[in-house]
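A short write-up of the structure that comes next.
The values are calculated or read from the model by the stated rules, or taken from the named source; none is laboratory data. Only a predicted model underlies this, so the values are computations on that prediction, with no experimental measurement involved. Cβ placement follows ideal geometry from the backbone for every residue including glycine, while neighbour counts extend to all protein chains displayed.
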Amino acid sequence: MEQNACIECKNTNCLFKSSLSRYPKEIEKFNIKSGINVYLENMQVKGLYVVQNGSIHEYFINRKGRKEIGNSAKNGEIFGHKDFNATKHLFSAVAIEKSSICLIDKSTLMEVCKNNLELSIKLIYFFSDELNKSDKKYSII
């Protein structure tokens, strides 16, 4: 696990990079092999995840026992956000290729948002876009 995840990151797509570089000890970076789960359904939610490089699929097991992809994330993209306000994950997440992942814990993110209007606005837009995608996926709009 690395502690300087944001400072050394070369990913220009990351929503958090400029806002979190002052919190190097609070960001956990880890590498994960293809096919390994980042987290499983019902595990405790720790925070938001960002793919520094690689690809992740969030999935759940449907009523018929089949795996369904709920969300995909690649370089610079956030995942784990659908569970952010929950105690336990509603989905599982698996690396679909060798990936580097950053974990931003809940308390750090909340502290940064209190002091960073720009990041807070970016997150509002991100969550709004995600709601729109979900609505379209399920033909609500």
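Report, by residue number, each residue of the range 29-67 that is among the polar types (S, T, N, Q), surrounded by fewer than 19 Cβ atoms within 10 Å (Cβ to Cβ) and part of a strand (DSSP E or B).
ASN31, ASN37, GLN44, ASN53, SER55
Against the definition (surrounded by 13 or more Cβ atoms within 10 Å (Cβ to Cβ), in a helix (DSSP H, G or I) and either more than 12 Å from the chain's Cα centre (by Cα) or of a type outside the set (Asp, Glu) (or both)), how does LYS122 come out, yes or no?
On the way: surrounded by 13 or more Cβ atoms within 10 Å (Cβ to Cβ): yes; in a helix (DSSP H, G or I): yes; either more than 12 Å from the chain's Cα centre (by Cα) or of a type outside the set (Asp, Glu) (or both): yes.
Yes.
Against the definition (at negative phi and assigned to a strand (DSSP E or B)), how does ALA86 come out, yes or no?
On the way: at negative phi: yes; assigned to a strand (DSSP E or B): no.
Judged against the criteria, ALA86 is not a match.
Counting only residues that are surrounded by 15 or more Cβ atoms within 10 Å (Cβ to Cβ) and more than 10 Å from the chain's Cα centre (by Cα), which one in the range 97-114 is farthest from LEU48 (Cα to Cα)?
Start the filter on the range 97-114 by keeping residues that are surrounded by 15 or more Cβ atoms within 10 Å (Cβ to Cβ), which leaves 99-105, 108-109, 112-113.
From what is left, the residues that are more than 10 Å from the chain's Cα centre (by Cα) are 99-100, 105, 108-109, 112-113.
Numbers: SER99: 16, SER100: 14, ASP105: 6, THR108: 10, LEU109: 8, VAL112: 13, CYS113: 13 Å.
In this case the residue turns out to be SER99.
Tell me the residue from GLY35, GLY54, GLY47, GLY76 that is farther than 15 Å from PHE16 by Cα and under 16 Å from the mean Cα position of the chain (by Cα), please. Spell out the reasoning first.
Details: GLY35 fails: under 16 Å from the mean Cα position of the chain (by Cα); GLY47 fails: farther than 15 Å from PHE16 by Cα; GLY76 fails: farther than 15 Å from PHE16 by Cα.
Of GLY35, GLY54, GLY47, GLY76, the one residue that is farther than 15 Å from PHE16 by Cα and under 16 Å from the mean Cα position of the chain (by Cα) is GLY54.
Within the range 74-106, the residues that satisfy the criterion of being farther than 18 Å from GLU28 by Cα and touching a Ser or Thr at 6+ places or on another chain (Cβ under 9 Å) are LYS82, ILE96, GLU97.
In the range 122-141, the residues that are at pLDDT below 80 form Cβ pairs under 7 Å with partners that are in a helix (DSSP H, G or I), at six or more places apart or across chains, as follows: ILE141/ASP135. Scanning the range 47-65 for residues that are touching a Lys or Arg at 6+ places or on another chain (Cβ under 7 Å) and either farther than 12 Å from ALA95 by Cα or not aliphatic (A, V, I, L, M) (or both) returns GLY47, GLN52, GLY54, SER55, TYR59, ILE61.
Quick one: which of GLY80, GLY70, GLY76 is buried (at least 16 other Cβ atoms within 10 Å of the Cβ) and closer than 16 Å to ASN13 by Cβ? Selected residue: GLY76, the only one of GLY80, GLY70, GLY76 that is buried (at least 16 other Cβ atoms within 10 Å of the Cβ) and closer than 16 Å to ASN13 by Cβ.
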